[in-house]
Amino acid sequence: MESCLFSVVSSSPEETIALGEHIATLLHKGSVVALRGGLGTGKTWLAKGIARGLGVTEEVTSPTYTIISEYDGHLPFYHIDAYRLHGDNDFAAIGADDTLYGNGVTVIEWSERVAQSIPDTALTIEIAILENAHRLITVKEATA
Ligand SMILES: Nc1ncnc2c1ncn2[C@@H]1O[C@H](COP(=O)(O)OP(=O)(O)OP(=O)(O)O)[C@@H](O)[C@H]1O
Ligand SMILES: [Mg+2]
């Protein structure tokens, strides 16, 4: 089961970054953030904000091709894009499970593609496109 923590409307990429920085204050060693939405909804912008909130100074770019990127912050920051993966076996094969249960914070874009691998304790964030570049961003936590 999931319960909604909060839901906000972002009206620009900058606001989405600021929300990511706020979300980072809820995270700790071992936290997993599962990002859902469609193509181009703003998952990577949100990940940039979370990284900034975790003290990452290096520029965070989409891990579309690298699949997993690792950055140094107050905690190790792992940014995964599951878009090009074919399910949970693929996810395990690239060693992603190790990051989930490691010492850092992991943010996964397209988490629905590897749904079985997402821990019950993950924060799940859904982004929906509204009119005029607005985004409805809903943060949920699993209560199972
Ligand atoms: N409020 C907003 N928040 C975030 N991005 C926005 C917003 N309004 C417009 N955008 C635009 O939407 C796009 C979001 O791009 P981004 O790469 O973050 O999406 P994504 O969900 O990671 O896409 P992909 O599925 O390709 O990984 C950017 O072009 C950005 O400028
Ligand atoms: Mg992206």
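Numerical summary
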item: Of all residues in the stretch 26-47 being charged (D, E, K, R) and more than 10 Å from ligand 2 (Cβ to nearest atom), the one that is nearest to the chain's Cα centre (by Cα); result: Arg36
item: Some residue of the stretch 19-41 being of a type in the set (Lys, Arg) and either touching a helix residue (DSSP H, G or I) at 6+ places or on another chain (Cβ under 8 Å) or assigned to a helix (DSSP H, G or I) (or both); result: yes
item: Filter result for the condition that a residue is small (Gly, Ala, Ser), surrounded by 14 or more Cβ atoms within 10 Å (Cβ to Cβ) and farther than 22 Å from Val9 by Cβ, over Gly37, Gly30; result: Gly30
item: Residue that is surrounded by the fewest Cβ atoms within 10 Å (Cβ to Cβ) [pool: residues in the stretch 101-118 that are under 15 Å from Asp81 (Cβ atoms) and under 12 Å from the mean Cα position of the chain (by Cα)]; result: Glu112
item: Test: residue in the stretch 72-86 that is modelled with pLDDT under 95, under 23 Å from Gly37 (Cα atoms) and away from ligand 2 (no atom under 14 Å from the Cβ); result: yes
item: Leading residue by the ranking (most open to solvent (accessible area, probe 1.4 Å)) among those in the stretch 53-91 that are hydroxyl-bearing (Ser, Thr, Tyr) and touching a Phe, Trp or Tyr at 6+ places or on another chain (Cβ under 7 Å); result: Tyr83
item: Positions within the stretch 10-27 being near ligand 1 (Cβ under 9 Å from one of its atoms) and either within 26 Å of Ser117 (Cβ to Cβ) or open to solvent by 80 Å² or more (accessible area, probe 1.4 Å) (or both), in sequence order; result: Glu14, Glu15, Thr16, Leu19
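The values are calculated or read from the model by the stated rules, or taken from the named source; none is laboratory data. For clarity, every value in this text was computed on a predicted model and none was experimentally measured. A quick note on method: Cβ atoms are made from the backbone with ideal geometry, for glycine too, and the neighbour counts reach across all protein chains shown. Side chains included, ligands, DNA and RNA excluded: accessible areas come from the protein's heavy atoms. Shrake-Rupley method; radii C 1.70, N 1.55, O 1.52, S 1.80 Å.
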